[in-house]
1. Just checking, how many residues over region 4-53 are under 23 Å from residue 72 (Cα atoms) and part of a loop (DSSP other than H, G, I, E, B)?
2. Residues being surrounded by 13 or more Cβ atoms within 10 Å (Cβ to Cβ), in contact (Cβ under 8 Å) with a residue 12 or more places away in the chain and not aliphatic (A, V, I, L, M): count how many of those fall in region 32-64.
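Since every read-out is calculated from the coordinates, none of them should be taken as a lab result. Since this is a predicted model, take the numbers as computed values, not measurements. When we count neighbours, we look across all protein chains shown, and the Cβ atoms used for this are built from the backbone with ideal geometry, even at glycine.
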Amino acid sequence: MGAVGKSRPDEAAIRALIENWARAVRAKNFGGILTKHSNDILMFDVPPPLQCQGIDAVQETWDLFFSSSPNPVIFDIARWTSARVRRWRSSRP
């Protein structure tokens, strides 16, 4: 949140993107889940495979997730925070 508890416009856009993604997960909507991923994505995950590359490989990890999830899928964002990152510049050439 920005000053005095107000959201910045970029924070609201990021929050909407994450909420739409979570809604797509709950609906098992692969198009919505993968829409913001590039075709050559490289993803690291906790369950094996620990690393997968490419949109098709990422979709396979969701197949695994859905096969071991209850129906309907429970997928909630319990806590969400954002931070503004400032670019650091070195004084050295």
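1. The qualifying residues number 7.
2. The qualifying residues number 8.
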